[in-house]
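Accompanying notes for the structure given below.
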Amino acid sequence: MWIKKTPQEFEQALREESNKPQSSGRWVVYTMLGVFLMIPVFLNVGGVAWRPGPLVRSMDDVMKTLPVMLFMWLAVVIFMQFFKVPVFKRKLVVICPKCEAAKNDDGDYQCPCGGHFVDIRTMKWVEDEKS
């Protein structure tokens, strides 16, 4: 059954949570941005219709544009890392201790069973002594 944590347990859990490394997925966004920026470096896109060329650029053209694109990507990543962009919000899970129903926080804290939803971080699971 779900019971409320003591203030000391709750503070301990918050300390442990704050010590965890937060891999929020920003580096996935940065990598995808790099892939997106490298497409015009390697592919011959945007060519004029009357002078079609090969799909892939020559190595000479790639080496001329690659340093500029890498510099642009690095500048954008530093900017995004400094300003913490993009911001990923953590979902808050709430639980009804009465019927043990759980859901993501949507602002409605009344449970159909007559109880009310509370933040799951303030609760802990203990085995029922009767079982």
Using +1 at the Cβ of each Lys and Arg and -1 at the Cβ of each Asp and Glu in the chain, identify which of ALA13, CYS99, VAL77 lies farthest towards the dipole's positive end.
VAL77
Given H placed 1.01 Å from N in the peptide plane, which residues other than close sequence neighbours of ALA101 have an amide H under 5 Å from its amide H?
CYS96
Taking a 1.4 Å probe, which of PHE42, PHE83, PHE36, PHE10 shows the most accessible area, and what order do the others take after it?
PHE36, PHE83, PHE42, PHE10
How do the peptides 85-95, 114-124 rank, highest first, by the average count of neighbouring beta carbon atoms within 10 Å per residue?
114-124, 85-95
With every protein chain kept in place and a 1.4 Å probe, the chain has an accessible area per residue in Å² of 79 Å²
Which is the longest stretch in the chain that no exposed loop site breaks, taking sites as GluC sites (Glu not before Pro) with a DSSP loop state and at most 15 other Cβ atoms within 10 Å?
1-99
Estimated dipole of the chain in Debye, rounded to 20 [Cβ of Lys and Arg +1, of Asp and Glu -1, Cα centre]
420 debye
Strictly over 29 Å apart at the Cα level, which of LYS5/LYS84; LYS91/LYS124; LYS89/LYS124; LYS5/LYS91 would you flag in this model?
LYS5/LYS84
Quick check for me: using +1 on Lys/Arg Cβ and -1 on Asp/Glu Cβ, what's the dipole size of region 50-123 about its Cα centre, in debye to the nearest 20?
200 debye
Using 7 Å Cα-to-Cβ label points, what is the GLU16/VAL118 separation (nm, one decimal)?
1.9 nm
What are the DSSP H helices in the chain that stretch 20 Å or more along their long axis, judged by alpha-carbon atoms, and whose average Kyte-Doolittle hydropathy comes to at least -1.0?
26-42, 59-82
What helix-only [θ] at 222 nm does the chain give? Using -39500 (n - 2.57) per DSSP H run of at least 4, over all residues, to the nearest 500, the answer is -14000 deg cm²/dmol
Report, by chain and number, residues whose modeled amide H sits under 5 Å from the one on LEU43, excluding near sequence neighbours (fewer than 5 apart, same chain).
ARG57
Sorted by chain and number, the residues with a modelled amide H under 5 Å from that of HIS116, at a separation of 5 or more or across chains, are LYS98, CYS111
Counting only protein heavy atoms and a 1.4 Å probe, tell me what percentage of the chain's accessible area is made up of carbon and sulfur.
66 percent
Given that compact globular proteins tend to follow 2.2 N^0.38 Å, what is the ratio of the alpha-carbon Rg of the chain to that value?
1.85
From Cα pairs below 8 angstrom and at least 6 apart in sequence, can you work out the relative contact order of the chain, rounded to a whole percent?
33 percent
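The values are calculated or read from the model by the stated rules, or taken from the named source; none is laboratory data. The model shown is predicted, which means the values in this text are computed figures rather than measured ones. Positions of Cβ are generated from backbone atoms using ideal geometry, with glycine treated the same way; all protein chains shown enter the neighbour counts. Surface accessibility is based on the protein's heavy atoms, side chains included, excluding ligands, DNA and RNA. Shrake-Rupley method; radii C 1.70, N 1.55, O 1.52, S 1.80 Å.
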